[in-house]
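Trainee: Structure below; questions to follow.
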Amino acid sequence: MVVIQLADIKREPRPEKAKVIEEFTQKVQGAKSAVITGYSGLTVEEVTQLRAQLFHAGVEYHVVKNNLARLALNKANITVLDDMLTGPTAIALAMDDATAPARILTKFAKAHEKLSVKGGWLDGRKVTLDDLKAVANLPSREVLIAKALGSMKSPISGIVQVLAGPQRKLVYALSAVAQAKGKTA
């Protein structure tokens, strides 16, 4: 009797699956971060609502078979997520704002218990659920830029006020003299 262990046999994926793997690999390589979720139990309406929120933030949400996702991630040199690829899995890929998927998915998961956020990847490192919650509390990139510009503008406007002070005092003095002459005339 001959016993063949299938786990030792590595075969190439079928051409149609290879195309899916290649496309997903390119998307993963272009992403700034990824968040892995379990979506089991969500209704079609809830998933549609989630996809719309993610789309408006520039995040792609893909439902991918675990083996195909594992192959694509490994091809993109991201092996830290292998243990999260269990059960029904969807992957959110951030193309612009790296914090957007964490922010949207943790907020959505609070409102919808069926969505489970498993973890993710950010800057080549594995991110746990606690890390994602911390990232979700960070302000968006635009808010951080606005705060930085506001803090840089503050000292400049202070200097302008200091430099304009003597001229302002001169104008007030001349105005007071003009009013005084106007009353005596």
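Trainee: In the stretch 30-45, how many residues are closer than 28 Å to Ile78 by Cβ and in a helix (DSSP H, G or I)?
Mentor: 1
Trainee: Can I ask one more? Within the stretch 1-18, does at least one residue satisfy the condition of being surrounded by fewer than 16 Cβ atoms within 10 Å (Cβ to Cβ) and modelled with pLDDT of 85 or more?
Mentor: no
Trainee: Which of the numbered conditions does Leu93 fail, given that it passes all the others? Conditions: (1) farther than 15 Å from Val28 by Cα; (2) touching an Asp or Glu at 6+ places or on another chain (Cβ under 7 Å); (3) not polar (S, T, N, Q).
Mentor: Every listed condition holds for Leu93 apart from (1).
Trainee: If Gly87 satisfies all but one of (1) more than 13 Å from the chain's Cα centre (by Cα); (2) surrounded by 14 or more Cβ atoms within 10 Å (Cβ to Cβ), what's the number of the condition it fails?
Mentor: Among (1) more than 13 Å from the chain's Cα centre (by Cα); (2) surrounded by 14 or more Cβ atoms within 10 Å (Cβ to Cβ), the lone unmet condition for Gly87 is (2).
Trainee: Still on this model: Of the residues in the stretch 123-176, how many are modelled with pLDDT of 75 or more, surrounded by 11 or more Cβ atoms within 10 Å (Cβ to Cβ) and of a type in the set (Ser, Thr, Tyr)?
Mentor: Residues that pass the stated criteria total 1.
Trainee: Additional query: Restricting attention to the stretch 66-84, which residues are touching a strand residue (DSSP E or B) at 6+ places or on another chain (Cβ under 8 Å) and surrounded by fewer than 16 Cβ atoms within 10 Å (Cβ to Cβ)?
Mentor: Correct list: Asn66, Val80.
The values are calculated or read from the model by the stated rules, or taken from the named source; none is laboratory data. These numbers come from a predicted model, not from an experiment. In this analysis, Cβ positions are derived from the backbone assuming ideal geometry, glycine residues included, and neighbour counts consider all displayed protein chains.
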